[in-house]
Each structure stands twice: as structure tokens, then as C-alpha cells.
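The structure appears below as C-alpha cells.
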Amino acid sequence: MAGVKTTPLLKDELDIVIPTIRNLDFLEMWRPFFQPYHLIIVQDGDPSKKINVPEGFDYELYNRNDINRILGPKASCISFKDSACRCFGYMVSKKKYIYTIDDDCFVAKDPSGKDINALEQHITNLLCPSTPLFFNTLYDPYRDGADFVRGYPFSLREGVPTAVSHGLWLNIPDYDAPTQLVKPRERNTRHVLPNLYVDAVLTIPKGTIFPMCGMNLAFNRDLIGPAMYFGLMGDGQPIGRYDDMWAGWCTKVICDHLNLGVKTGLPYIWHSKASNPFVNLKKEYKGIYWQEDIIPFFQSVVLPKECTTVQQCYLELAKMVKAKLSSIDPYFTKLADEMVTWIEAWDELNPSGDGSAKILNGVAK
């Protein structure tokens, strides 16, 4: 019926988590899509600096003093002066779903010129099953106008629950520093958008690791929340800009073990700010070197069948990190210890078992 307002999808079941060091003027562009939802803002850097949030948004804001007060000694697991601090927002949320976005990301347009409601697409991804056990060549078979192709086993068409929706970006690519230096002017630009806009969502196959970007990401907190730890990065650490990728590697091997799905593709956001490649290189250079050992480690991870919750999986993974990666650098011993601290802090703030559902054959119990 014309004039009847519809309730936004998952209005009372989803929090939007935003890490920032600046005023959140970017929310004005997102107002039509974000205003109905609750925001959790994690302020990085100087806690005495006032962060301005546009009027009309329902939000709670946490700075470093709040993190220290709430977590006490366990605050050591939350990174400082790095966007990895966002994972504190995942911990204090009480909602089933999380969407996280960076403050330099704006509303993108599809090839027809229409504004993309990224949040709505993420919700669609999360509410539809995934197909990690058998690849469908028409990508997401649950999308309108698509289906399973000939030869796809009927026994697998029910799919598994989707734990993660990984969105992409237009304009500024998510490159590492060496690639930025080689391609300083490369953009996914509006005037050639129809040629570059890949209108697809696909499930990442089981056993395949991927580089997760945290600037446009949604996940089912109940299914996978405790694995979404963005590690130790930034101030006082020898590495940066690997926070989301670390979380992605850990999350994917746990999703594979628990028979959960990860989708990537739509939705796009417009990434507006190119970070300095020389600054990035200083943060990344050890990660670029270490990842040649880290990625084979994750590719070889086999979790015990006795691990049936995300917490159990994650604690087992922490043991493996300490045993297998500490020889690379003492940093990994510290990281493994803080992975344990993270789970302890999560369980303290979520004593009812939120985010720790027992998974049996891809079904939360």
C-alpha cells in the first residue's frame, strides 16, 4: 500500500560498529540507511578528544578509557592507534548481527545511478544459505533469477548457514603498499562503472583462505563473533594493516570446521581516501614477509572434532599459533596469549553464552 512505511530489516537485531579518530560527518550520507539502527562507535587515539556525531543517530561511544574500565587488565587484547580497536564493539554488542564500516567509506552507486543500500545487501547475504561444499557456476544460487546448475547434488542444495558477508569497494582499491606504489593512480571509477561493477555474490569454497577487508563487512555474531578478533596491531606492535586479514584467516578455518559459510562480492561501498603507501609500507613490511609462512599455516590447520563451539576452536587455534608461528617472531607468542585473553574477556561480557552457540552440522544449538 502506498505511503505505508516498512520496518528496516533486522532493525532490533543488528548493530553498526564504526572505529574512528575523527568527527563522523560521513554518517550524513548514510542517514537514509543507518539511522534506524543502533551504532557502536569505538574512538581510537586520544580519549580526551571529543568526537562529534550528527544528530538523530542512536549510538554509544567508547574510548580507550572506557575500554580500560570495562575490561580491566584484559584490555591488553584491544589494539591502540589502529582500526583493530573496532572488535571491542563486537564484544560489547548484544545483537545477533554486526555490520562494520570505516569512516572514509561512502554510499556507492550501481551502474544505473541508484544509491546502493550496502547494509540491506549484507543482510540479504547473511539470511541466505552458503554453498562452501560445492561450487555453483552461477554464483549465488539463492539470488532472484538464479538457481543450481545441472550436476549440482540435490543433497547439498539446502546449503549451510552464512556466518560472514564480505563486501567490496569502488574507487580506491584495497591494495598493500607495494601495489599502491606501483599503481598510484589506479581507481575503480564512476565513468567506467558498468565495465567494472561485477554484479555477483559467491560463497568462498571450503578449504580456501581469503584476504578479508574490514571496511565493509557483516557477520552473524551468534555464529562466529568470538572468532572476529582483529589481533594486536598498531601502537607498540611490530605490524599493522593485517588486523582484518588475521581475523579473516582465523574465522575462515573455524567456519570450515563448523560447516558455516562465507560470502563475498556485493555490496559495494565508495572508498574515498587513499592512505599513504610509504606509511603503509612501514606498517606492513613485516606482515608481507611473515605472510609467506602464516598463510601456509592456516591452510594446514585441522581442528579437533571435539571443538564444537567457536570459543573452543579459537582457543585451540591460539595453541597452534603459539606452537607453530612463535619461531618466526616473539610477537606471535604475545598474539597467541592475547587471543586467549580475548576469549576470556568475551565470555565475561557475554556470560549467557551469546556468540558461543554449539554448532552441529551447520545448525546452531
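The values are calculated or read from the model by the stated rules, or taken from the named source; none is laboratory data. Everything quoted here is computed from the prediction, not taken from an experiment. All Cβ positions, glycine included, derive from the backbone under ideal geometry; neighbour counts span all protein chains shown. In case anyone asks, the SASA skips ligands and DNA or RNA and just uses the protein heavy atoms, side chains included. Shrake-Rupley method; radii C 1.70, N 1.55, O 1.52, S 1.80 Å.
Per-structure values
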item	result
Heavy-atom accessible surface of the chain: percent carbon and sulfur, 1.4 Å	54
For segment 37-180: accessible area per residue (Å², 1.4 Å)	44
Using a Förster distance of 35 Å, the FRET efficiency for K273-S300 (Cβ separation, nearest 0.05)	0.45
Loop trypsin sites (Lys or Arg not before Pro), segment 1-74 (other Cβ atoms within 10 Å of the site Cβ: 15 or fewer; DSSP)	K5, K11, R22, K49, K50
Accessible area (Å², 1.4 Å probe, nearest 10) - F33	40
In Hz, Karplus ³J(HN,Hα) per residue of segment 38-53 (6.51, -1.76, 1.60; θ = phi - 60°; x = Gly, Pro)	7, 9, 10, 9, 10, 7, 9, x, 5, x, 7, 6, 8, 9, 8, 10
Loop GluC sites (Glu not before Pro), segment 1-100 (other Cβ atoms within 10 Å of the site Cβ: 11 or fewer; DSSP)	E55
Fraction of beta bridges assigned by DSSP in the chain that are antiparallel (%, nearest 5)	40
Filter on K96/K263; K96/K273; K81/K324 - keep pairs with C-alpha separation over 21 Å	K96/K273; K81/K324
Most to least accessible of F278, F80 (protein chains only, probe 1.4 Å)	F278, F80
Cβ-based charge dipole, the chain, positive-most Cα from V92, I21, C213	C213
Mean separation of Cα contacts under 8 Å, 6 or more apart, over the residue count of segment 1-140: relative contact order %	29
Neighbourhood charge, 11 Å Cβ-Cβ cut-off, centred on V262 and excluding it, Lys, Arg +1 and Asp, Glu -1	+2
Accessible heavy-atom area order of I295, I224, highest first, probe of 1.4 Å	I295, I224
Value of relative contact order over the chain, rounded to a whole percent, pairs C-alpha under 8 Å and six or more apart	20
Sequence-distant residues sharing a close amide H with L138 (under 5 Å, placed H)	V149
